[in-house]
Amino acid sequence: RQLIDQISKEFGIPMVYGGLYRYEGQVAVLNVNGSPGYSDLFPEPPSVNDTCADAGVLGMLPGIIGHIQALETVKLIVGIEPNLVGKLLVYDGMKHSMETIEL
């Protein structure tokens, strides 16, 4: 992800980030017109102990997060301003709630 972020910044291509951990998912649109990038959000690489294989992920969560990423990507392609530029959407699969955090 750090490498994708670096290339995204270098070539001016937005990065639509999605991440999963146990019952939580995150989505953000990064590197758009000076908006924060992945390395701003996560300056340190994740611990090697914090993997999906070890911690697990709720089965449907990758699909939910992937659909949100796809929607934000389509908005970028067709010229609609994505809602998640400079924001981190956090989805809680246990509570079925979403929170948007300004970056």
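Please count how many residues of the stretch 83-103 are among the small types (Gly, Ala, Ser) and touching a residue at least 60 places away in the same chain (Cβ under 8 Å). Let's see the steps before the verdict.
If we filter the stretch 83-103 for residues that are among the small types (Gly, Ala, Ser), which is where we start, we get 86, 93, 97.
Subsequent filtering for residues that are touching a residue at least 60 places away in the same chain (Cβ under 8 Å) retains 93.
Total satisfying the criteria: 1.
What is the residue count in the stretch 39-62 for residues that are part of a loop (DSSP other than H, G, I, E, B), surrounded by 12 or more Cβ atoms within 10 Å (Cβ to Cβ) and either charged (D, E, K, R) or at pLDDT 85 or above (or both)?
1
So how many residues does the stretch 58-82 have that are touching a residue at least 24 places away in the same chain (Cβ under 8 Å) and either over 10 Å from Val27 (Cβ atoms) or not polar (S, T, N, Q) (or both)?
Taking the stretch 58-82 first, the residues touching a residue at least 24 places away in the same chain (Cβ under 8 Å) are 58, 60-62, 64-66, 68-69, 72-73, 76, 82.
Narrowing the set further to residues that are either over 10 Å from Val27 (Cβ atoms) or not polar (S, T, N, Q) (or both) leaves 58, 60-62, 64-66, 68, 72-73, 76, 82.
Qualifying residue count, the stretch 58-82: 12.
What's the number of the only condition in (1) among the aliphatic types (A, V, I, L, M); (2) farther than 22 Å from Leu3 by Cβ; (3) outside any loop (DSSP other than H, G, I, E, B) that Leu88 fails to meet?
Of everything listed in (1) among the aliphatic types (A, V, I, L, M); (2) farther than 22 Å from Leu3 by Cβ; (3) outside any loop (DSSP other than H, G, I, E, B), Leu88 misses just condition (2).
Please identify the pairs in which a residue from the stretch 9-31 that is over 20 Å from Val74 (Cβ atoms) has its Cβ atom under 9 Å from the Cβ atom of a residue that is among the hydroxyl-bearing types (Ser, Thr, Tyr) and surrounded by fewer than 19 Cβ atoms within 10 Å (Cβ to Cβ), counting only partners at least 6 apart or on another chain.
Final answer for the pair search is Lys9/Ser39.
Applying the selection to the stretch 1-38, what residues are hydroxyl-bearing (Ser, Thr, Tyr) and part of a helix (DSSP H, G or I)? Let's see the steps before the verdict.
So in the stretch 1-38, the residues hydroxyl-bearing (Ser, Thr, Tyr) come out as 8, 17, 21, 23, 35, 38.
Listed by number, the residues that qualify are Ser8, Tyr38.
Looking only at residues in the stretch 16-27 that are in contact with a helix residue (DSSP H, G or I) (Cβ under 7 Å, 6 or more places away or on another chain) and under 24 Å from Gln6 (Cα atoms), which one is modelled with the lowest pLDDT?
Only one residue tops the list, namely Tyr21.
Take the residues of the stretch 74-103 that are exposed (fewer than 12 other Cβ atoms within 10 Å of the Cβ), at pLDDT 95 or above and among the charged types (D, E, K, R): which is nearest to Phe42 (Cα to Cα)?
Across the stretch 74-103, the extreme among qualifying residues is Glu102.
The values are calculated or read from the model by the stated rules, or taken from the named source; none is laboratory data. Bear in mind the structure is a predicted one, so any value in this text is a computation, not a measurement. Ideal geometry is used to build each Cβ from the backbone, glycine not excepted, and the neighbour counts take in all protein chains shown.
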